[in-house]
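The values are calculated or read from the model by the stated rules, or taken from the named source; none is laboratory data. The shown structure was predicted, so the numbers you read here are calculated from the model rather than taken from an experiment. Glycine also receives a Cβ, built like all others from the backbone with ideal geometry; neighbour counts cover every protein chain displayed. Quick note on the areas: whole protein, heavy atoms, side chains included, nothing else; ligands and nucleic acids left out. Shrake-Rupley method; radii C 1.70, N 1.55, O 1.52, S 1.80 Å.
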Amino acid sequence: AQSVTQLDSHVSVSEGTPVLLRCNYSSSYSPSLFWYVQHPNKGLQLLLKYTSAATLVKGINGFEAEFKKSETSFHLTKPSAHMSDAAEYFCVVKSEGYNNNDMRFGAGTRLTVKP
Amino acid sequence: KAGVTQTPRYLIKTRGQQVTLSCSPISGHRSVSWYQQTPGQGLQFLFEYFSETQRNKGNFPGRFSGRQFSNSRSEMNVSTLELGDSALYLCASSFRGETEAFFGQGTRLTVV
């Protein structure tokens with residue numbers, strides 16, 4: 001079984017301040033973990049992925065995430081928020097077992113960036 | 001390289017009707033997955049197709065069905081539409097299914 005919990009439904013930061021979006025996961029198999037971003041009325045865009053290589057993963061637009069197996073966490077961070085970062089963010093876990101390729105999405109975290 | 005293309009972008013249907021949505025994956029991708037996104041339930045997995053075979057299925061009633069063609073394009077069909085089927089339907093493609101998925105912009109279905 002696999003599941004994802006995003007600990008905050010809404011995060012609000014000021015432009016130029018750090019961003020932290022929290023994600024905990026549960027997986028019976030070695031997981032692959034992803035962060036996707038969704039802007040209003042748009043599809044999902046991949047920010048970054050973890051697939052059992054380096055535990056600190058760098059993504060697009062200055063985002064990065066650290067895989068911590070002991071804490072079953074995969075938090076997303078960015079040193080300095082930009083107005084264009086305002087969007088919905090989804091943490092995703094994916095099992096690598098054969099015939100079990102469905103992705104499990106967290107409930108999402110809405111990021112608001114204040115000027 | 002073109003991205004994942006979903007058509008149509010918007011649909012309005014009446015309860016009881018049926019609807020077909022289309023998804024063209026990125027060239028070379030053989031896995032196509034479908035998801036339903038609603039404000040109440042979030043993103044839920046519908047099914048995955050790989051090389052014209054349904055490989056995995058989520059927990060949705062039989063009114064939801066799909067298929068994949070030899071060129072990897074996929075269609076999703078919903079019969080006997082209900083008001084609760086109103087949602088954004090997202091399609092994602094990947095090279096084999098084990099790699100990261102790329103999403104289309106979605107089809108917004110409104111059932112009235």
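Taken across region A:47-57, residues that are of a type outside the set (D, E, K, R), touching a residue at least 24 places away in the same chain (Cβ under 8 Å) and in contact with a His (Cβ under 8 Å, 6 or more places away or on another chain) do not occur at all.
Applying the criterion of being surrounded by fewer than 20 Cβ atoms within 10 Å (Cβ to Cβ) and either more than 9 Å from chain A (Cβ to nearest Cβ) or at pLDDT 95 or above (or both) to the residues of region B:30-44, the residue that is farthest from B:Arg63 (Cα to Cα) is B:Arg30. Taken over region B:95-112, the criterion of being of a type in the set (D, E, K, R) and modelled with pLDDT under 95 is satisfied by B:Arg96, B:Glu98, B:Glu100.
Considering only strands (runs of 3 or more DSSP E) fully contained in region A:24-115, which possess at least 3 residues that are within 14 Å of chain B (Cβ to nearest Cβ), touching a Gly at 6+ places or on another chain (Cβ under 7 Å) and open to solvent by less than 50 Å² (accessible area, probe 1.4 Å)? Fully inside region A:24-115 and qualifying: A:87-94.
Of the set (1) more than 21 Å from A:Cys91 (Cβ to Cβ); (2) facing chain A (nearest Cβ under 8 Å), all apply to B:Ser24 but (2). When B:Gly16 is tested against the conditions (1) in a loop (DSSP other than H, G, I, E, B); (2) more than 29 Å from A:Leu48 (Cβ to Cβ); (3) within 14 Å of chain A (Cβ to nearest Cβ), the lone failure is (3). Where residues in region A:1-23 are open to solvent by 40 Å² or more (accessible area, probe 1.4 Å) and touching a Phe, Trp or Tyr at 6+ places or on another chain (Cβ under 8 Å), which of them is modelled with the highest pLDDT? Looking at the filtered set, the residue picked out is A:Thr5. Which residue is nearest to the other protein chains (Cβ to nearest Cβ), if the candidates are limited to region B:86-97 and must be of a type outside the set (A, V, I, L, M, F, W, C) and crowded, with 21+ Cβ neighbours inside 10 Å? Taking the candidates together, the pick is B:Gly97. Across region B:1-27, the qualifying residues are those that are basic (Lys, Arg) and open to solvent by 70 Å² or more (accessible area, probe 1.4 Å), and the one among them that is farthest from B:Ser70 (Cα to Cα) is B:Arg15.
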